[in-house]
Amino acid sequence: MDHMTHAQTQDVSLAQLIDEAKGLLGNDADAMVDIRSLVTQLAGLDRARQLMEPERPLSFSKAQQLRNAFERRAAGEPIAYITGFRHFWRHEFLVTPATLIPRPETEHLLEWALEKIPPQQALTIADLGTGSGVLAISLAFERPQAQVFGCDLSSEALQVARENERRLRPDSALPIGWLQGFWGAMFKPESLDLVVSNPPYIRPGDPHLSTGDLRFEPQAALVAEDNGMADYSLIVSQAATLLKPGGWILFEHGYDQAQPVAECLAQQGFQNISHRTDLAGHERNTAAQRG
């Protein structure tokens, strides 16, 4: 039975709707960023137009869509899952609860990888644990002469990655192969020039897992045994044979894991181990070269 009153089915102004959202989410700076972002992405109104046209009417259906989005955000759901998209590097990527939400820190990993790939060289690159495909697709756009492989154990994640490739390059395929499997197990010895990976690195039981966006993201893509190091150990041992001599491996890892990742690499004979910091000054990326 429809309990909506006539007033509820009328157009509402943007200002009215934003007031409703403040009632749910608050009106502090973070809440307003969320509200403006949802209006931008779901109603197609950028922040300037929102500020210049507060009395702009919104249709009943659009208002309901936004109300639903505000309620989902009030329950803690990440904005990227509500809108279905997250910006990374140069593109908007489709994301779903089957994939991690791309983080700005991962752009630093991409930048460092690009420094290792001369523009005119036809290298073979593997992104292990590709998720929504942001690294593999961005690498393929930036270095079209390379052969990139995006690899994941999750068929649902690979479906999202393939859809991102189709959306971003509808007319012609990018130089990407999508492979399902356990990290680099699908590759032959000495077949890769570069490996990039942002594997699970959160310790089981870490209190952060019950806060913020992490509550909604796939736990298998977040959590690793052995104090968050289990997957690094596996990937490093695989990469020691899969990489060509002189090939590079680049990782993203937790803010306090640079030393254990470096030790893991050194134990497998990797050389030229170095780290880079994120904007907060934490060592979040590590690179090493096969001897």
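In whole Å, what is the distance between the alpha-carbon centres of region 90-134 and region 168-202?
Region 90-134 and region 168-202 have Cα centres separated by 10 Å.
Can you spot the lysines whose alpha carbon is less than 22 Å from Lys244's alpha carbon? Ignore those fewer than 8 places along the same chain.
Counting by Cα, and skipping residues close in sequence, Lys244 has these lysines nearby: Lys116, Lys188.
Which order do the peptides 48-61, 197-210 take when ranked by the mean count of other beta-carbon atoms within 10 Å per residue, highest first?
Most protected by this proxy first, the peptides run 197-210, 48-61.
Could you go through region 82-93 in sequence order and give the Karplus-derived ³J(HN,Hα) for each residue, using 6.51 cos²θ - 1.76 cosθ + 1.60 with θ = phi - 60°, rounded to whole Hz, and x for Gly and Pro?
5, 8, x, 9, 8, 6, 8, 6, 10, 9, 8, 10
Once the Cβ-Cβ distance between Gln145 and Ser191 is put in as r, and R0 is 25 Å, what FRET efficiency do you end up with, to the nearest 0.05?
0.90
Quick check on region 164-205: take the gyration tensor over C-alpha atoms, sort the square-rooted eigenvalues as a ≥ b ≥ c, and tell me if it's rounded (a/c under 1.5), prolate or oblate.
Details: a/c = 2.69, a/b = 1.39, b/c = 1.94.
Judged from the Cα gyration tensor, region 164-205 comes out oblate (a/c at least 1.5, b/c at or above a/b).
When a/c reaches 1.5 or more, the comparison of a/b and b/c decides; with that in mind, is region 217-291 rounded, prolate or oblate per its Cα gyration tensor? All intermediate terms of the calculation are to be shown ahead of the outcome.
Values: a/c = 1.99, a/b = 1.28, b/c = 1.55.
The shape class here is oblate.
Where the convex hull is taken over the Cα atoms of region 110-195, what is its projected area averaged over directions, in nm²? Could you put the intermediate results ahead of the total?
Details: hull surface 20.6 nm².
Mean shadow area of the hull around the Cα atoms is 5.2 nm².
So what is the accessible area of the chain per residue, in Å², with the probe set to 1.4 Å?
Solvent-accessible surface per residue comes out at 48 Å².
Are there DSSP H segments in the chain that both extend 15 Å or more along their axis (alpha-carbon positions) and score a mean Kyte-Doolittle hydropathy of at least 0.5? List them, or say none.
On the way: long enough: 14-25 (16 Å, 0.71); 29-43 (20 Å, 0.75); 60-74 (21 Å, -1.16); 105-115 (16 Å, -0.51); 155-168 (20 Å, -1.17); 230-242 (18 Å, 0.85).
Flagged H segments are 14-25, 29-43, 230-242.
If you plug each phi of region 122-127 into the Karplus form 6.51 cos²θ - 1.76 cosθ + 1.60 with θ = phi - 60°, what whole-Hz ³J(HN,Hα) values come out, in order, with x for Gly and Pro?
Listing the rounded values in order: 8, 8, 10, 10, 10, 9 Hz.
Starting from the Kirkwood radius over alpha-carbon pairs of region 122-258, derive D by Stokes-Einstein at 4 °C in a medium of 1.567 mPa s and give it in µm² s⁻¹.
Rounded to a whole number, D works out at 83 µm²/s.
Bins of 5 Å, beginning at zero and ending with the bin holding the largest distance: percent of Cα pairs per bin for region 165-240, please.
Per 5 Å bin, starting at 0, the Cα pair percentages come out as 3, 12, 18, 17, 15, 15, 12, 6, 2, 0.
Would you work out the charge dipole size for the chain about its Cα centre, treating the Cβ of every Lys and Arg as +1 and the Cβ of every Asp and Glu as -1, and quote it to the nearest 20 debye?
600 debye
Expressed in nm², what is the orientationally averaged projection area of the convex hull enclosing the Cα positions of the chain?
18.0 nm²
Mean separation of Cα pairs under 8 Å and 6+ residues apart, divided by the residue count of the chain: what relative contact order is that in percent? Mind showing how you got there, number by number?
On the way: 507 pairs, mean separation 38.9, N = 291.
Value for the chain: 13 percent.
Per 0.36 nm of contour for each residue apart, how much would the distance between Arg67 and Asp30 grow if the chain were fully extended, relative to their Cα-Cα spacing?
Gain on stretching Arg67 to Asp30: 11.5 nm.
Once you have the Cα-Cα distance between Ala266 and Ser210, take 0.36 nm times their residue separation minus that, and quote the gain in nm to one decimal.
16.8 nm
Place +1 on the Cβ of every Lys and Arg and -1 on the Cβ of every Asp and Glu in region 53-184, take the dipole about the Cα centre, and give the residue among Leu174, Ser155, Phe60 whose Cα lies farthest towards its positive end.
Positive-most Cα among the choices belongs to Phe60.
For the peptides 228-235, 188-195, 132-139, what is the packing order when you average, over each peptide's residues, the other Cβ atoms within 10 Å and list the highest mean first?
In decreasing order of mean packing, 228-235, 188-195, 132-139 become 132-139, 228-235, 188-195.
Find the centroid of the Cα atoms in region 141-165 and in region 262-279, then give the distance between the two in whole Å.
26 Å
What is the calculated FRET efficiency for Ala48 to Thr96, with r their C-beta to C-beta distance and R₀ = 30 Å, to the nearest 0.05?
0.50
Pull out the extension gain between Asp19 and Thr241, defined as 0.36 nm times the separation in residues minus the alpha carbon to alpha carbon distance; nm, one decimal.
Gain in length upon complete extension: 74.1 nm.
Enter the Cα centre distance for the pair region 217-252 and region 17-67, rounded to the nearest angstrom.
41 Å
Rounded, prolate or oblate: which one fits region 38-97, using the alpha carbon gyration tensor with axes a ≥ b ≥ c (rounded when a/c is under 1.5, else prolate when a/b beats b/c, else oblate)? Don't jump to the answer; show the numbers that get you there.
Details: a/c = 2.33, a/b = 1.32, b/c = 1.76.
It comes out oblate by the Cα gyration axes.
The values are calculated or read from the model by the stated rules, or taken from the named source; none is laboratory data. Bear in mind that the values here come from a model prediction, so they are computed numbers and not experimental data. Glycine also receives a Cβ, built like all others from the backbone with ideal geometry; neighbour counts cover every protein chain displayed. We work out accessible area using only protein heavy atoms, side chains counted, and drop any ligands, DNA or RNA first. Shrake-Rupley method; radii C 1.70, N 1.55, O 1.52, S 1.80 Å.
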